[in-house]
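The values are calculated or read from the model by the stated rules, or taken from the named source; none is laboratory data. Here the structure is a predicted model, which means the values were calculated and not measured. Cβ atoms come from the backbone with ideal geometry, glycine included; neighbour counts cover every protein chain shown. Heavy atoms of the whole protein, side chains included, go into the accessibility calculation; ligands, DNA and RNA do not. Shrake-Rupley method; radii C 1.70, N 1.55, O 1.52, S 1.80 Å.
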Amino acid sequence: MRKKEARLAVNIGKLKLKNPVMVASGTFGYAEEFADFMNLKQLGAVVTKTITLKPRQGNPPPRTCETPAGMLNSIGLENPGVDAFISKKLPILKKIGAPVIVSIASEGDPDEFISLAKRLDKINGAAAIELNISCPNIRGKTSLISQDPGSTFKVVKMVREVTGKTLITKLSPNVTDITEIAAAAEKAGSDAVSLINTLTGTSIDTDTKRPRIASVIAGLSGPAIRPVAVRMIWEVSRKIKIPIIGMGGIMDTPSALEFFIAGASAISTGTANFINPALSVEIISGLKKYLARNKLRDIKELVGTLKS
Ligand SMILES: Cc1cc2nc3c(=O)[nH]c(=O)nc-3n(C[C@H](O)[C@H](O)[C@H](O)COP(=O)(O)O)c2cc1C
C-alpha cells in the first residue's frame, strides 16, 4: 500500500489553499506569461501585480539592475488600473484554477484602498485582497503607510469595514520594529500579514557617477535579503496570532523551509521566478519529500519550530 502523502493544505482567513506555496506580487505578472512553464493549477495561490484605481505607466527607465545576490527594481507600480484589470486580466487569471489574490495600492490618497476593495468585494474571481501598503517605489510627500503603526491600523480598518474577503496586509522591512506594524494590522482586522516587501537600496555606476536606477532609490530583492526576511518572520510570529506569508529571497526548497521553521504558514516565491519560472512547483514537491523524510504528516507541524 502507498504511504499517505503529508498534508500541505493551509487556511489563510477564509481562503483555503491546497498548498502553502504562492507567487509574490509583481514577479509573476498576471500569470498568463507563465502558463507555458507549468500547470498553474498546482500553485497554492497567485498574487497579482499590484493594481491601482487608475492606470499607471510606472517610473522612467532604467528601473531594474542586478546586484550581488539580488536585484534592484523601481517599477513604480506600472499597471492597467482596476477597470482594465477586471475586464481583461481577471478573466484569464480565473481560468488558472488556483485562487487569485489581488494586490491593491493607493497612489497617495488612502481612500483609494476603500474604492478598490469595494470594487473587488463584488468580484467572484478575486479570492482575497492583499493591501500593498509597503511599495518603496511610489513614495510621494509622505512616508509609507506601513512605516507607521497608526496609519497601518487606520487603513486596514477602513478596508476591513468594506469587504468580507480575506484581507492580507503586506509589510515593509524598512522600519525599526516590524512587529509593531504587524500587531497594528492584526488589531485592525487583517486576516494575515505578508512580509517582506523589498528593502530600499541604490547602486552607482562609478564611470558615469549616475545611479543605475533612474529614481535613485529602488527596492532590493533576492537571496541577499533572505536573512533579513527570516529574522523578521521569526520576530513577527512571536508577536501575532494571524498567519504569516513569508517571502524574500526564496530560491529553492531549503530556503523555503527556513521560512516555515521561522513561523510562516505559507510562502511566496518572488525574484527567483525570473530565473526559474517553475520554482514554485518544484518547492511543492520538495516540501512533500522533506515532510516524508522527517516523518511529519502535516506542514503545520513544521511551522514555528525553530529551536533557540
Ligand atoms: C520586479 C519586481 C516587482 C515587484 N512588484 C511588486 C508589486 O507590484 N507589489 C508588491 O506588493 N510587491 C512587489 N514586489 C515585491 C515582491 O512581491 C517581494 O515582496 C519581494 O521581491 C521579496 O521577495 P523576493 O526576494 O523573493 O523577490 C516586486 C518585486 C520585484 C522584484
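Need pairs with beta-carbon distance below 7 Å; first residue open to solvent by less than 60 Å² (accessible area, probe 1.4 Å) and within segment 222-242, second within 14 Å of the ligand (Cβ to nearest atom) and among the polar types (S, T, N, Q); sequence gap 6+ or separate chains.
From residues that are open to solvent by less than 60 Å² (accessible area, probe 1.4 Å), the pairs are GLY222/THR271; ALA224/THR67; ARG226/SER255.
Condition test on THR200, is it surrounded by fewer than 19 Cβ atoms within 10 Å (Cβ to Cβ), at pLDDT 95 or above and within 15 Å of the ligand (Cβ to nearest atom)?
Values: surrounded by fewer than 19 Cβ atoms within 10 Å (Cβ to Cβ): yes; at pLDDT 95 or above: yes; within 15 Å of the ligand (Cβ to nearest atom): yes.
Spelling it out, THR200 is indeed surrounded by fewer than 19 Cβ atoms within 10 Å (Cβ to Cβ), at pLDDT 95 or above and within 15 Å of the ligand (Cβ to nearest atom).
Conditions first: (1) within 28 Å of SER74 (Cβ to Cβ); (2) away from the ligand (no atom under 16 Å from the Cβ). ASP121 passes all but one, so which condition is the exception?
Here ASP121 clears every test but (1).
Looking only at segment 291-308, how many residues end up being out of contact with any Lys or Arg (no Cβ under 7 Å at 6 or more places or on another chain) and either under 11 Å from LEU8 (Cβ atoms) or outside any helix (DSSP H, G or I) (or both)? Before you say what the answer is, go through the steps one by one.
Going residue by residue through segment 291-308, those that are out of contact with any Lys or Arg (no Cβ under 7 Å at 6 or more places or on another chain) are 291-296, 300-308.
Next cut, either under 11 Å from LEU8 (Cβ atoms) or outside any helix (DSSP H, G or I) (or both) only: 291, 294-296, 300, 302-308.
Total meeting the criteria: 12.
So which residues in segment 207-227 are more than 15 Å from the chain's Cα centre (by Cα) and either within 10 Å of the ligand (Cβ to nearest atom) or closer than 20 Å to GLU301 by Cβ (or both)?
Start the filter on segment 207-227 by keeping residues that are more than 15 Å from the chain's Cα centre (by Cα), which leaves 207-218, 223-224, 227.
Correct list: ALA218, PRO223, ALA224.
May I ask you to say which residue of THR52, THR48 is closer than 22 Å to GLY248 by Cβ and either within 13 Å of the ligand (Cβ to nearest atom) or more than 21 Å from the chain's Cα centre (by Cα) (or both)? Spell out how you get there, then give the answer.
Details: THR52 fails: closer than 22 Å to GLY248 by Cβ.
Only one candidate qualifies: THR48.
Just a yes or no: is a residue in segment 149-156 within 16 Å of the ligand (Cβ to nearest atom), more than 21 Å from PRO99 (Cβ to Cβ) and out of contact with any Lys or Arg (no Cβ under 7 Å at 6 or more places or on another chain)? Explain how you work it out, then say what you get.
Here is the first cut: in segment 149-156, the residues within 16 Å of the ligand (Cβ to nearest atom) are 152, 155-156.
If we keep only those that are more than 21 Å from PRO99 (Cβ to Cβ) as well, we get 152, 155.
With out of contact with any Lys or Arg (no Cβ under 7 Å at 6 or more places or on another chain) added as a condition, the list becomes 152, 155.
Among the residues of segment 149-156, at least one is within 16 Å of the ligand (Cβ to nearest atom), more than 21 Å from PRO99 (Cβ to Cβ) and out of contact with any Lys or Arg (no Cβ under 7 Å at 6 or more places or on another chain), which makes the answer yes.
Give the residue that is modelled with the highest pLDDT, with candidates limited to residues of segment 94-147 that are loosely packed, with under 14 Cβ neighbours inside 10 Å and closer than 15 Å to VAL82 by Cα.
LYS118
Pick from ILE101, ILE92, ILE129: which is of a type in the set (Val, Ile, Thr), closer than 18 Å to PRO55 by Cβ and not in a loop (DSSP other than H, G, I, E, B)?
Working: ILE101 fails: closer than 18 Å to PRO55 by Cβ; ILE129 fails: closer than 18 Å to PRO55 by Cβ.
Just one listed residue meets the conditions, ILE92.
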